[in-house]
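Here's the structure, in structure tokens; my notes come after.
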Amino acid sequence: MYCRSYIMDGLEPLGDPDIYDQRSISSVTNPDGVLYVTANSSSGSKTYKPKEDIFPYSAAQHQYHVGELSRVSVTESSFSIETYRTDTMEQVDRFTIFRKDEIPHPFTDVTSDQWYDRAVQYAYTHGTMNGVEETRFSPNTPTSRAMFVTILHRLDGGKTAKAATFEDVPSTAYYANAVNWAAENGIVTGVSASRFAPDQEISREQLVTMLARYAAYLGKTVPVEDQTEGYTDASLISPYALSPINWALQEGLLVGTSSDRLSPQSTATRAQVAQIIMRLQKLLAE
């Protein structure tokens, strides 16, 4: 039996249990006070059938009837507990506490007077995006499909997945497990039955579609109300992307490239992706 507690302040759960009692809540940022979180079994390797409604301090629990191990990771800006099955080494749970102080990013091509500086700092602190080099973020470089799937995979804790059937995704590629995870969970489809096109630049509508599928994977509702009134290029939105774009506009994840243009077919830059991912993480934490 596996159990992870809420973030605890003494004997009191931190925050609203209706919010924190969700597996999709995988982190908390800048909490106040001295807090703790516990994970894994508190009573050894017993496999009694759990009773209902006896977990007043539990944010996540499951019973796979196999041994599990929890790894604690501490960095300058975070404390994480990652739990794995011992039979398959699949990651089954993760929770991270991020501290108040951010580590200044090392990127010389991102300065404080640029609109994306805060988003790049957030992505660097939370480990969702790295630089293309140690000191270069390359904010205006187009984002590839492989890059973006890797970012979403990191958000979900880097879980393992069975191999997909894309012939252009080598098992040794840095993005292979991310693509496998995304395909297994319906977050991506290939450009054909056998090709993923990992190096293809991702468009704004493709990006938002993956975001919407990721939100649905986490149990979030994606509304279909029209939010595109006033955008002169709304007719350029592909049919498959219309509902995701409406959702992203409604949730404030996506904004136009100007007051009357969405540019759905335009390539998403790394700076734009950092901004959208920051908004997504804050949305999921609400």
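The values are calculated or read from the model by the stated rules, or taken from the named source; none is laboratory data. As the structure is a prediction and not an experimental result, all values here were calculated from the model. A quick note on method: Cβ atoms are made from the backbone with ideal geometry, for glycine too, and the neighbour counts reach across all protein chains shown.
Report yes if some residue within region 265-284 is in a loop (DSSP other than H, G, I, E, B), hydrophobic (A, V, I, L, M, F, W, C) and within 17 Å of the chain's Cα centre (by Cα); otherwise report no. No: region 265-284 contains no residue that is in a loop (DSSP other than H, G, I, E, B), hydrophobic (A, V, I, L, M, F, W, C) and within 17 Å of the chain's Cα centre (by Cα). If the condition is being on the phi > 0 side of the Ramachandran plot and at pLDDT 90 or above, then region 79-138 contributes only Ser138. Screening Gly219 on (1) in contact (Cβ under 8 Å) with a residue 60 or more places away in the chain; (2) under 20 Å from Trp115 (Cβ atoms) shows it passes everything except condition (2). Scanning region 237-251 for residues that are in a loop (DSSP other than H, G, I, E, B) and either touching a residue at least 40 places away in the same chain (Cβ under 8 Å) or among the charged types (D, E, K, R) (or both) turns up just one, Glu251.
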